[in-house]
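Before any comments, here is the structure.
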Amino acid sequence: MSVSDMTASETRPGDSRFFQRSGPFGLEQLAKASDSDVVAAASGKSVAAFRGVAPLHVAGPDEVSFLDNRRYLPLLAETKAGAVILSPAFSDKLPPDTAGLVCKAPYLAWARVATLFHPDPKSTGVRHPTAWIADDADIGENVEIGPFAVIGSGARIGRDTIVASHASIGQSVEIGSRCRIGAHAAISHARIGNRVTLYPGVRIGQDGFGFAVGPEGFETVPQLGLVVLEDGVEVGANSTIDRGSMRDTLIGAGTRIDNLVQIGHNARLGRCCIVVSQAGISGSTELGDFVTIAAQAGLIGHIKIGSKARIGAQCGVMSDVDAGADVIGSPAMPFREFFRNVATLRKLSRKSSD
Amino acid sequence: MSVSDMTASETRPGDSRFFQRSGPFGLEQLAKASDSDVVAAASGKSVAAFRGVAPLHVAGPDEVSFLDNRRYLPLLAETKAGAVILSPAFSDKLPPDTAGLVCKAPYLAWARVATLFHPDPKSTGVRHPTAWIADDADIGENVEIGPFAVIGSGARIGRDTIVASHASIGQSVEIGSRCRIGAHAAISHARIGNRVTLYPGVRIGQDGFGFAVGPEGFETVPQLGLVVLEDGVEVGANSTIDRGSMRDTLIGAGTRIDNLVQIGHNARLGRCCIVVSQAGISGSTELGDFVTIAAQAGLIGHIKIGSKARIGAQCGVMSDVDAGADVIGSPAMPFREFFRNVATLRKLSRKSSD
Amino acid sequence: MSVSDMTASETRPGDSRFFQRSGPFGLEQLAKASDSDVVAAASGKSVAAFRGVAPLHVAGPDEVSFLDNRRYLPLLAETKAGAVILSPAFSDKLPPDTAGLVCKAPYLAWARVATLFHPDPKSTGVRHPTAWIADDADIGENVEIGPFAVIGSGARIGRDTIVASHASIGQSVEIGSRCRIGAHAAISHARIGNRVTLYPGVRIGQDGFGFAVGPEGFETVPQLGLVVLEDGVEVGANSTIDRGSMRDTLIGAGTRIDNLVQIGHNARLGRCCIVVSQAGISGSTELGDFVTIAAQAGLIGHIKIGSKARIGAQCGVMSDVDAGADVIGSPAMPFREFFRNVATLRKLSRKSSD
């Protein structure tokens, strides 16, 4: 079967076998949830009950879709969606039977409307009979604990948190309320805030990579700090965050870390940073707030990255980066310089081979 | 103990404590299995029963070995193997007591002969008493389920599939027949074909990295697609494949993914692609068939890679790649251009420092 | 909460809720453990009982701290630590109430003093009632086995080893004494020495990435070797080591591997190598002793890296590296050449854009 053949047979988004569904909702409810203005369909057609979300080319009259990129305008022209979320710039392009939900931030509006139809799974409050929970663990109200999860001695878990199957919560670990701890997550030596999401297979709180050279090989330096994840942090599947050596490794509130990311001991990330998959942040490096680290970038240890700096994909950062700077390349340099270098080398190389 | 000392003490390949063994087999059986022609040993010596496979320098008279590279000809001259798989070009180099299994594709022949002696583990059909299986899961005939595995509500598993210890199969997940699901694999929101192999620790179907910027931080965009793995796909240890946002993330039939690979949401890989360890494919990027992505390469999102393209190790791909093209470097460029650049810069750099 | 605000509220290092504590110890005991000379406090003040370790700016009179970098001299001047480990060069900078533990290798001395106060967790010898242990597994004295761990048929585990929760030890696997096997580790097809530490989520012994191209797609080549980890090896969280195809994959004594590292089939690492996070070593590549591979570096297959070579971060190594060489860049080149290239290109690029 080729990739394109497969497209036809794929499941519709939000399939109820896999996803929670809510609704139906009226247009006014959707407008309110998404902070949008309603533009009625030109044909006067009106849909009473919207039942879900779908992309432009798939959506039907009782579904909501969205547009946030000029290059999908041809799909907008042909959509059968009952309503489309879009910016004022495109509202005059709506087909006659489609209402508009017009707003300045269509992607954010989309996030909210889609969440309305497909809310996050809520805790069932059920502790699976196969889970192993220490007698002195402090489990809040309505905490869901999955099969074969382990909750260690003295651990504390706040209300409405979900702990998935096979998760391992170590001794004295603190987890706040409304968290989602993914399957097979292993957490030790950590304090975790509220509304934190850990994806399957994250490893939090293991020893950092610390050792001294002794006469007969390496000798381990005890790693005596914790990992602290502030409120709203997300950590992607199979990512690893080592605990600090003499202070805590710290991830600031709202920061989102993707899959297969490595965070070394004593690192400190500020608020609302983004760390994309397979990036690595070495020990004791500090990030300000709203820093973006693109995929596969690597930061050496003991440097400082200023707030709102953006580190490009595969970038190798060997020294401090100023707040607001955009760098890329290995070693890192300003975006402009990097692409100028690329052009210069290409030119010289062609000349040289003439 | 030094590395070279260790060599002597190592286990022989295919140790029966660790591997299934089958046989013995006669030369004609081996020739048939490997689509080879038999060349009798020059000395007239004939071995009735071959008992296993081994490398040239280790194999004995009742073992089969193989040669597929000119640089190992000295080992061929000294081998004690009873038979050697090799191409016609080398068949006149066989030592006198060694028979030849001569064929055009020795490595493929080797794969088949080695599989004859060491077949894949078959399902025992045993459901371990500690596994937790939802009442409404649909488990086919002769499915093996390991200790502490979890099979969620409504999940379907086809006949002869093996689910190893601690695997977690989420609600409504579909898995075909003759699959091998590795230890600690976590699968949710997925449809998986037949003969799929997932290595330990793979994470399939978790949310993609999708969020909008709201007034008080990032807001999650619901990820409403699935992961679809077509027949024969393999996914290496601790690799991660995120589910799609509004369509499915799709891995085409026969594609092989190595360890620690990241596949972003909505990505589409064609048939028989190869993705080597620690490579990353960002969201919504599409690959044709027979594409090779070497180790640690990274592809940004929303690009297209044509069939049979080859992406070099550590390559950073920022734009579309034509079918059949070979690219390397960061940013990606044709192989020739990359190595010409390297040579040019070295020359200029030396001149500049004179 | 900003990152800097958080600092104030963080836990003290070695918090007894999370870490073993030992002591108190007198100054002479500490001097002996760390092979240091005591320099009495200038004020004549003497502390009878030291209770723990802490960084210079946090330590109190009954705590030991250390200094190994000139840039922290200002913190030394203001420390309230009762004793500080430091080199002879800085011993005259001690504040009046602080004793010195003076030695040539302060970081090593620190490792030993910190270990004195915070010894490694010892095996409790308890086999958790939920663990599943094959009848014919050979478990040594005083082995601790955590909840939901699985020990396969014929596996052997040496005395005083700790196997954490959810670990999966496959059929016939051998593990030596005084090892620590982390939570969710999956081990098959392996022989493991003494004092080996595996962090959570390591995958050891799965099939390497080996297949031949057949008429209808890829055909798997059986992987018939093992993984051998010699004494004292450490493998970081979520790292993966594939078993050999026809010989063993081998990690030499004392080698330390960080998180998210990939080691391909048949690779051989010598003694006391260091492999930093997210690095990858491809199949059949061989390292001598005391080789350092920095973060995110990648080595292609079938090459040799000489002893004491150092491979820089993100380096792409495509050919052999001499013993003692320092290389960086992709493709790898000597450090000097790499940085000269960077400077040359910058200069040419500026000129070209003038």
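The values are calculated or read from the model by the stated rules, or taken from the named source; none is laboratory data. In this text the structure is predicted, and so the values were computed from the model without any measurement. A quick note on method: Cβ atoms are made from the backbone with ideal geometry, for glycine too, and the neighbour counts reach across all protein chains shown. Surface areas here come from the heavy atoms of the whole protein model, side chains and all, with no ligands, DNA or RNA. Shrake-Rupley method; radii C 1.70, N 1.55, O 1.52, S 1.80 Å.
So B:P121 clears everything in (1) surrounded by fewer than 16 Cβ atoms within 10 Å (Cβ to Cβ); (2) touching a residue at least 24 places away in the same chain (Cβ under 8 Å); (3) in contact with a Pro (Cβ under 9 Å, 6 or more places away or on another chain) except one condition, right? Which one?
Looking at each condition in turn, B:P121 falls short on (3).
With the requirement that a residue be more than 11 Å from chain C (Cβ to nearest Cβ) and closer than 22 Å to C:E219 by Cα, what does the stretch B:263-302 give you?
B:L269, B:G270, B:L287, B:G288, B:V291, B:T292, B:I293
Output the qualifying pairs, or none if there are none: Cβ atoms under 6 angstrom, residues six or more apart or on different chains, first residue in the stretch C:325-354 and under 20 Å from C:Q314 (Cα atoms), second residue part of a helix (DSSP H, G or I) and open to solvent by 70 Å² or more (accessible area, probe 1.4 Å).
C:D326/C:F335; C:I328/C:F335
Confirm whether A:E63 is open to solvent by 20 Å² or more (accessible area, probe 1.4 Å) and under 19 Å from B:V221 (Cβ atoms).
Working: open to solvent by 20 Å² or more (accessible area, probe 1.4 Å): yes; under 19 Å from B:V221 (Cβ atoms): yes.
When the stated conditions are applied, A:E63 passes them.
Can you pull out the residues in the stretch C:84-97 that are crowded, with 19+ Cβ neighbours inside 10 Å and either more than 24 Å from A:Q223 (Cα to Cα) or within 12 Å of chain A (Cβ to nearest Cβ) (or both)?
C:I85, C:F90, C:L94 - these are the residues of the stretch C:84-97 that are crowded, with 19+ Cβ neighbours inside 10 Å and either more than 24 Å from A:Q223 (Cα to Cα) or within 12 Å of chain A (Cβ to nearest Cβ) (or both).
State all residues of the stretch A:230-280 that are surrounded by 24 or more Cβ atoms within 10 Å (Cβ to Cβ), under 14 Å from the mean Cα position of the chain (by Cα) and closer than 23 Å to C:R17 by Cβ; if no residue qualifies, say none.
Of everything in the stretch A:230-280, those that are surrounded by 24 or more Cβ atoms within 10 Å (Cβ to Cβ), under 14 Å from the mean Cα position of the chain (by Cα) and closer than 23 Å to C:R17 by Cβ turn out to be A:V233, A:V235, A:I251.
Right, A:S319: under 21 Å from B:Q278 (Cα atoms) and either open to solvent by 20 Å² or more (accessible area, probe 1.4 Å) or not assigned by TED's automatic domain parsing to the domain that holds A:R195 (or both) or not?
Details: under 21 Å from B:Q278 (Cα atoms): no; either open to solvent by 20 Å² or more (accessible area, probe 1.4 Å) or not assigned by TED's automatic domain parsing to the domain that holds A:R195 (or both): yes.
In short, no.
Give the stretch C:151-176 a look and list any residue that's open to solvent by 30 Å² or more (accessible area, probe 1.4 Å) and among the polar types (S, T, N, Q), or say none.
C:S153, C:Q171
Among the residues of the stretch A:183-223, how many are open to solvent by 10 Å² or more (accessible area, probe 1.4 Å), on the phi > 0 side of the Ramachandran plot and facing chain C (nearest Cβ under 9 Å)?
Within the stretch A:183-223, residues that are open to solvent by 10 Å² or more (accessible area, probe 1.4 Å), on the phi > 0 side of the Ramachandran plot and facing chain C (nearest Cβ under 9 Å) number 2.
Restricting attention to the stretch C:39-55, which residues are over 34 Å from the mean Cα position of the chain (by Cα) and of a type in the set (D, E, K, R)?
C:K45
Quick check on the stretch C:52-59. Is at least one of its residues without any contact (Cβ under 8 Å) to a residue 40 or more places away in the chain, open to solvent by 20 Å² or more (accessible area, probe 1.4 Å) and touching a helix residue (DSSP H, G or I) at 6+ places or on another chain (Cβ under 6 Å)? Before you say what the answer is, go through the steps one by one.
Just the residues of the stretch C:52-59 that are without any contact (Cβ under 8 Å) to a residue 40 or more places away in the chain, to begin with: C:56-57, C:59.
Among the residues that remain, those that are also open to solvent by 20 Å² or more (accessible area, probe 1.4 Å) are: C:57.
So of that shortlist, the ones also touching a helix residue (DSSP H, G or I) at 6+ places or on another chain (Cβ under 6 Å) come out as C:57.
For the stretch C:52-59, residues without any contact (Cβ under 8 Å) to a residue 40 or more places away in the chain, open to solvent by 20 Å² or more (accessible area, probe 1.4 Å) and touching a helix residue (DSSP H, G or I) at 6+ places or on another chain (Cβ under 6 Å): present.
Just name the residue that is farthest from the other protein chains (Cβ to nearest Cβ) out of those in the stretch B:99-149 that are in a helix (DSSP H, G or I) and β-branched (V, I, T). Quick ask: steps written out before the conclusion?
Narrowing the stretch B:99-149 to residues in a helix (DSSP H, G or I): B:106-117.
Those still in the list that are β-branched (V, I, T) too: B:113, B:115.
Details: B:V113: 10, B:T115: 6 Å.
Among them, the one singled out is B:V113.
Pairs needed: first member in the stretch A:23-35, over 12 Å from A:C103 (Cα atoms) and modelled with pLDDT of 95 or more; second member anywhere, polar (S, T, N, Q) and surrounded by fewer than 17 Cβ atoms within 10 Å (Cβ to Cβ); C-beta distance under 8 Å; at least 6 residues apart or different chains.
Sorted first by the residue in the stretch A:23-35, then by its partner, the pairs are A:L27/A:S46.
Sort out which residues of the stretch A:159-211 are more than 30 Å from C:R112 (Cα to Cα) and β-branched (V, I, T), and write them in order of number.
Within the stretch A:159-211, A:T161, A:I162, A:V163, A:I175, A:I181, A:I192, A:V196, A:T197, A:V202 meet the criteria.
Return only the number of the condition from (1) in a loop (DSSP other than H, G, I, E, B); (2) at pLDDT below 95 that A:P96 does not satisfy.
Of (1) in a loop (DSSP other than H, G, I, E, B); (2) at pLDDT below 95, only one is false for A:P96: (2).
On the basis of being within 24 Å of the chain's Cα centre (by Cα), crowded, with 18+ Cβ neighbours inside 10 Å and touching a residue at least 60 places away in the same chain (Cβ under 8 Å), does C:L116 make the cut?
Details: within 24 Å of the chain's Cα centre (by Cα): yes; crowded, with 18+ Cβ neighbours inside 10 Å: yes; touching a residue at least 60 places away in the same chain (Cβ under 8 Å): yes.
Criteria met by C:L116.
What's the total number of residues in the stretch A:329-354 that are at pLDDT 95 or above and either away from chain C (no Cβ under 13 Å) or assigned to a loop (DSSP other than H, G, I, E, B) (or both)?
Number of matching residues: 5.
Restricting attention to the stretch A:303-316, and to residues there that are open to solvent by less than 30 Å² (accessible area, probe 1.4 Å) and more than 8 Å from every other protein chain (Cβ to nearest Cβ), which single residue is nearest to A:F209 (Cα to Cα)?
A:I303
Do we find that A:V102 is in contact with a Leu (Cβ under 6 Å, 6 or more places away or on another chain), in contact (Cβ under 8 Å) with a residue 60 or more places away in the chain, open to solvent by less than 40 Å² (accessible area, probe 1.4 Å) and within 30 Å of A:D35 (Cα to Cα) in this structure? Show your work before the answer.
Working: in contact with a Leu (Cβ under 6 Å, 6 or more places away or on another chain): no; in contact (Cβ under 8 Å) with a residue 60 or more places away in the chain: yes; open to solvent by less than 40 Å² (accessible area, probe 1.4 Å): yes; within 30 Å of A:D35 (Cα to Cα): yes.
When the stated conditions are applied, A:V102 does not pass them.
Tell me yes or no: at least one residue of the stretch C:126-141 is open to solvent by 10 Å² or more (accessible area, probe 1.4 Å), more than 26 Å from B:P121 (Cβ to Cβ), of a type in the set (D, E) and not assigned by TED's automatic domain parsing to the domain that holds C:S34.
Yes - at least one qualifying residue is present in the stretch C:126-141.
Would the stretch A:26-34 turn up any residue that is open to solvent by less than 10 Å² (accessible area, probe 1.4 Å) and in contact with an Asp or Glu (Cβ under 9 Å, 6 or more places away or on another chain)?
Filtering the stretch A:26-34 down to residues open to solvent by less than 10 Å² (accessible area, probe 1.4 Å) leaves A:30-31, A:34.
Adding the requirement that they be in contact with an Asp or Glu (Cβ under 9 Å, 6 or more places away or on another chain) leaves A:31.
Yes, the stretch A:26-34 has at least one match.
For the stretch C:12-61, name all the residues that are in a strand (DSSP E or B), hydrophobic (A, V, I, L, M, F, W, C) and within 14 Å of another protein chain (Cβ to nearest Cβ). Working first, answer last.
Keep residues of the stretch C:12-61 that are in a strand (DSSP E or B), which gives C:25, C:37-39, C:50, C:52-53.
Remaining after also requiring hydrophobic (A, V, I, L, M, F, W, C): C:25, C:38-39, C:50, C:53.
Hit for the stretch C:12-61 is C:V53, nothing else.
Out of (1) modelled with pLDDT of 95 or more; (2) surrounded by fewer than 18 Cβ atoms within 10 Å (Cβ to Cβ); (3) touching a Leu at 6+ places or on another chain (Cβ under 9 Å), what's the single condition that is false for B:T285?
For B:T285, the exception is condition (2).
Inspect all residues belonging to the stretch C:68-83 and state whether any of them is open to solvent by less than 40 Å² (accessible area, probe 1.4 Å), in the same structural domain as C:K32 (by TED's automatic domain parsing) and in a strand (DSSP E or B). Spell out how you get there, then give the answer.
Residues of the stretch C:68-83 that are open to solvent by less than 40 Å² (accessible area, probe 1.4 Å), as a first pass: C:73, C:76, C:79, C:81-83.
Those left that are additionally in the same structural domain as C:K32 (by TED's automatic domain parsing): C:73, C:76, C:79, C:81-83.
Remaining after also requiring in a strand (DSSP E or B): C:83.
Yes, the stretch C:68-83 contains a residue that is open to solvent by less than 40 Å² (accessible area, probe 1.4 Å), in the same structural domain as C:K32 (by TED's automatic domain parsing) and in a strand (DSSP E or B).
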